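K.L.:
For reference, the structure I am asking about is given below.
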Amino acid sequence: MKTFLRVILILAVLGVVGLLAFIFVPVQRTAAVAQLPADYKAPAGSGEYAMRAGDCMACHTAEGGKPFAGGRPIHSPMGTIWATNITPDKETGIGNYTLDDFRAALYDGVRNDGAHLYPAMPYENYRKLTEEDIRALYQYFMTEVPAVSNKVEETALSFPFNQRWGIRAWNWLALGKPGFEPVSQDEQFNRGAYLVQGAGHCAACHSPRNLLMAQDGTDESSAAFLTGGEIDGYTAPDLRGPQSAPQKWSTEELAAYLTTARNAHSTATGEMMLVVRDSLQYMTPEDNLAIATYLKKIGSTGGSTAPATPSAAPEKAEVTDTEKMLTEAKADMPLGPRLYLDNCGGCHFVNGKGAAEIFPELDGNSLVTAKSSKGLLDVMLHGAELPSTKDRPMRVRMQGYNDRLNDEEAAALATFLRQAWHNDAPPVTAEDVKAVRR
């Protein structure tokens, strides 16, 4: 019996020692994936371009705040995470970061004081960045971005998520090999893959999460990669399935959406609008075409990158039951379609097709038919805006109907939209609307 107790005591002591080591022994930082000359200087403009590709501004700039000074709330299932100040201010920013500190933040999710960053920082994806882009980004943030003194609110999640040392175990299970490895002889495909998987971190929103809340795949070898995710209750649409919008569009139409937040079928809203506004519109046409080509080739439609060839004599467009009902506009028409004619029909028309590059199609729109109705309701109640871009400088604003529609009316209109024309999505309740108003 004494021997047994002695063994238990020894195991308990070893467990405590192991836990203390796990918590307090410094994290091993990932080294550079390529050796560059000690005097290496990134080409002029490459740092800002890498920042645009990485979409750093959208997360690290608060509404109305100074660029990169932090303070933007990022809502997660664990609570609110506050984006940090990444200007070179030495007191409140990253002015004291060495190149190794900077690389560790991007590759390992570790601050210069050794504390773990929450994975709202997409270091799962940034681990694929090349050393050249790491150097360019470091040079840009340290020498080209103005220092801003801005002490950001501390992230304070509830227990156990406030125990940052636990992220160390998550990293062991979630993080892949650092660096990007091309898988094709096609340079355009490889460039698109690098931008989507790494810098652009598209999977952070557009891939589902596994049981560990890690991205379910960070490249096309995973069947779940880019098949849709959820961010703050909004559905981030599938980019890869045969019924997804990008797979129905031509490569050129997809590239136009990335560059201008609009094309003949759809317009960007919410987080994607910010991505175009702050990031994608600044990418070269070749890079946005590479992204579009990569997405098309990994899709479930056979990988064709050519636009659809119109037939010599296009068939007459189908007239749906919804279009007939809206056109007839009978007095006994249900509430949902009546509200559509009163508020929406003038722009989106009775066929739900809208106007190219201005008013998006509602028939087959992934926001309209998403699993979560939150995105649709948010646009209906609070409106949406297309950003001014270099190629499409006109700013287009849709008004919100928060003051015009009560909860029951908004629910009826949203339900109609989700079930009109060819759409087939679950209904919306007044309680769903109330949740978005709150």
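The values are calculated or read from the model by the stated rules, or taken from the named source; none is laboratory data. In this text the structure is predicted, and so the values were computed from the model without any measurement. Cβ placement follows ideal geometry from the backbone for every residue including glycine, while neighbour counts extend to all protein chains displayed. Accessible surface is based on the protein model in full, side chains and every heavy atom, while ligands, DNA and RNA are left aside. Shrake-Rupley method; radii C 1.70, N 1.55, O 1.52, S 1.80 Å.
K.L.:
What ranking, highest mean first, results for peptides 171-178, 288-295 when packing means the other Cβ atoms within 10 Å averaged over each residue?
P.N.:
288-295, 171-178
K.L.:
Students sometimes get this wrong: rank 422, 60, 75 by accessible area, probe 1.4 Å, all chains present, largest first.
P.N.:
422, 75, 60
K.L.:
May I ask which residue of 170, 74, 60 lies farthest towards the positive end of the charge dipole of the range 30-174, with charges of +1 (Lys, Arg) and -1 (Asp, Glu) on Cβ and the Cα centre as origin?
P.N.:
170
K.L.:
So which DSSP H runs in the chain come out at 30 Å plus along the axis (Cα) with average Kyte-Doolittle of at least 1.0?
P.N.:
2-24
K.L.:
Taking R0 as 45 Å, what's the FRET efficiency between residue 35 and residue 159 from their Cβ-Cβ distance, rounded to 0.05? Each step should come with its number before you reach the end.
P.N.:
Values: r = 43 Å, r/R0 = 0.95.
After rounding, the FRET efficiency stands at 0.55.
K.L.:
Under 8 Å for C-alpha pairs, at least 6 residues apart: give me the relative contact order for the range 44-136, rounded to a whole percent.
P.N.:
Answer for the range 44-136 is 19 percent.
K.L.:
Now a separate question. Give a residue-ordered list of calculated ³J(HN,Hα) values for the range 228-240 (Karplus: 6.51 cos²θ - 1.76 cosθ + 1.60, θ = phi - 60°; whole Hz; x for Gly, Pro).
P.N.:
x, x, 9, 9, 6, x, 8, 7, 8, x, 4, 10, 10
K.L.:
Tell me, Kirkwood radius of the chain from alpha-carbon pair distances, in Å?
P.N.:
Radius from the Kirkwood sum: 24.0 Å.
K.L.:
I've got another one for you. What is the percent carbon and sulfur in the accessible area of the chain, measuring with a 1.4 Å probe over the protein chains and ignoring ligands?
P.N.:
57 percent
K.L.:
Just need the relative contact order of the range 187-297 here, percent rounded to a whole number, with Cα pairs under 8 Å and 6+ apart.
P.N.:
27 percent
K.L.:
Just how far, in whole angstrom, is the range 123-198 from the range 255-295 if you go by their alpha carbon centroids?
P.N.:
Value for the Cα centre distance between the two parts: 21 Å.
K.L.:
While we're looking at this one, here's another question. Using just the helices of the chain, give the 222 nm mean residue ellipticity in deg cm²/dmol: DSSP H runs with n ≥ 4 each add -39,500 (n - 2.57), and the total is spread over all residues, rounded to 500.
P.N.:
-11000 deg cm²/dmol, from helical runs alone.
K.L.:
Leaving out ligands and nucleic acids, and using a 1.4 Å probe, what accessible area per residue does the range 30-174 come to in Å²? Let's see the in-between values first.
P.N.:
On the way: 6960 Å² over 145 residues.
Using a 1.4 Å probe on heavy atoms only, each residue of the range 30-174 averages 48 Å².
K.L.:
From the backbone phi of the range 385-401, what are the Karplus-calculated ³J(HN,Hα) couplings (6.51 cos²θ - 1.76 cosθ + 1.60, θ = phi - 60°) in whole Hz, Gly and Pro given as x?
P.N.:
9, 8, x, 7, 10, 4, 7, 9, x, 5, 8, 10, 10, 9, 5, x, 10
K.L.:
Sticking with this structure for a sec: Only four residue types carry charge here, +1 at the Cβ of Lys and Arg and -1 at the Cβ of Asp and Glu. Report the dipole size of the range 30-174 about the Cα centre in Debye, rounded to the nearest 20.
P.N.:
Details: 13 positive and 17 negative charges, 42 e Å.
Dipole size: approximately 200 debye.
K.L.:
Over the range 319-436, what is the relative contact order in percent, taking alpha-carbon pairs closer than 8 angstrom and at least six residues apart?
P.N.:
Worked out over the range 319-436, it gives 25 percent.
K.L.:
What distance in nm separates the two pseudo spin-label positions at residue 356 and residue 403, each 7 Å out from Cα along the beta-carbon direction?
P.N.:
For residue 356 paired with residue 403, the spin-label model returns 3.7 nm.
K.L.:
Using the structure shown, list the pairs from 90/128; 248/371; 66/90; 353/434 with a Cα-Cα distance above 21 Å, or answer none.
P.N.:
Details: 90/128 28 Å; 248/371 19 Å; 66/90 16 Å; 353/434 29 Å.
Result: 90/128; 353/434 exceed 21 Å.
K.L.:
Continuing with the same structure: Using a ≥ b ≥ c from the Cα gyration tensor of the range 319-436 (square roots of the eigenvalues), is it rounded, prolate or oblate, where a/c under 1.5 gives rounded and otherwise the larger of a/b and b/c decides, a/b for prolate?
P.N.:
oblate
K.L.:
Report the semi-axes of the equivalent ellipsoid for the range 30-174 in whole Å, largest first, where each axis is √(5λ) for an eigenvalue λ of the Cα gyration tensor. Don't skip to the end; give the middle numbers.
P.N.:
Working: eigenvalues 118, 74, 33 Å².
Sorted largest first and rounded, they come to 24, 19, 13 Å.
K.L.:
Okay, next question. Between residue 28 and residue 347, what FRET efficiency follows from the Cβ-Cβ distance if R0 is 51 Å, with the result rounded to 0.05?
P.N.:
0.35
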